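> Dropping a structure here in C-alpha cells format, bear with me for questions.
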Amino acid sequence: LSTIALIAIVYANAKDLLYFFTKVFLQSIFSIFFSSIEVLGKQNIPMHGPIIFTGNHMNQFVDAVLILITCPHRVGFLIAEKSFNHPVVGGLAKAIGCYPVARPQDTAKKGTGQLTFEGLNV
C-alpha cells in the first residue's frame with residue numbers, strides 16, 4: 001500500500017520533480033565551467049508575485065540557465081518554437097515548463113525576385 005501511495009505522490013508532483021531535478025542537473029553542469037556565480041541585487045527580487053527578467057546577452061541559453069539556477073522562484077521562459085522542437089534543447093525546455101513562441105523569421109520562406117537599390121538592379 002505504501003508503494004502505491006508513493007507512486008501516486010510522485011505522479012501528482014511529476015512536473016515539480018522534473019523541474020527540480022533539471023535545475024540540480026544544470027547547477028552541476030555549470031559548476032564544472034564556473035567556479036562561482038555571484039548574483040548582484042538578489043535582495044531586490046520580490047519574494048512573492050510575478051516577475052519578468054530580461055537578458056541582454058547574446059547567448060540566450062546561458063542567460064536562461066543562470067537565471068534558472070540562481071533564482072529562488074520557479075521560472076518559466078519563452079523559447080523559440082524552432083528550439084522547442086529540437087530534440088535536446090526542446091527536451092530540457094519541456095522539462096522546465098517553457099512556452100514555445102512562433103517567430104516570423106522561423107517561418108520565412110526563401111523567394112525569388114530582384115532588389116533595386118538606388119536605381120541599381122541586384
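The values are calculated or read from the model by the stated rules, or taken from the named source; none is laboratory data. Computed from a predicted structure; not experimentally measured. As a convention, Cβ positions derive from the backbone with ideal geometry for all residues, glycine included, and neighbour counts pool all protein chains shown. Accessible surface is based on the protein model in full, side chains and every heavy atom, while ligands, DNA and RNA are left aside. Shrake-Rupley method; radii C 1.70, N 1.55, O 1.52, S 1.80 Å.
> Identify all residues within segment 92-122 that are without any contact (Cβ under 8 Å) to a residue 40 or more places away in the chain and within 22 Å of F33 (Cα to Cα); write none if there are none.
A93
> Considering only segment 55-79, state which residues are assigned to a loop (DSSP other than H, G, I, E, B), free of Cβ contacts under 8 Å to residues at least 12 places away in the same chain and within 12 Å of the chain's Cα centre (by Cα).
N59
> Could you check, for segment 55-65, whether at least one of its residues is in contact with an Asp or Glu (Cβ under 9 Å, 6 or more places away or on another chain) and of a type in the set (S, T, N, Q)?
Among the residues of segment 55-65, at least one is in contact with an Asp or Glu (Cβ under 9 Å, 6 or more places away or on another chain) and of a type in the set (S, T, N, Q), which makes the answer yes.
> Which ones in segment 12-54 are more than 24 Å from A95 (Cβ to Cβ) and not in a helix (DSSP H, G or I)?
S35, S36, E38, L40, G41, P46, M47, H48, G49
> Additional query: Can you tell me how many residues in segment 17-66 are open to solvent by 70 Å² or more (accessible area, probe 1.4 Å), hydrophobic (A, V, I, L, M, F, W, C) and within 30 Å of L6 (Cβ to Cβ)?
Adding up the residues that qualify gives 4.
> Restricting attention to segment 1-11, which residues are surrounded by fewer than 10 Cβ atoms within 10 Å (Cβ to Cβ) and part of a helix (DSSP H, G or I)?
Scanning segment 1-11 gives S2, T3, I4, A5, Y11.
> Still on this model: Which of the residues belonging to segment 80-122 are open to solvent by 100 Å² or more (accessible area, probe 1.4 Å), in a helix (DSSP H, G or I) and of a type in the set (S, T, N, Q)?
The answer is Q105, and nothing else.
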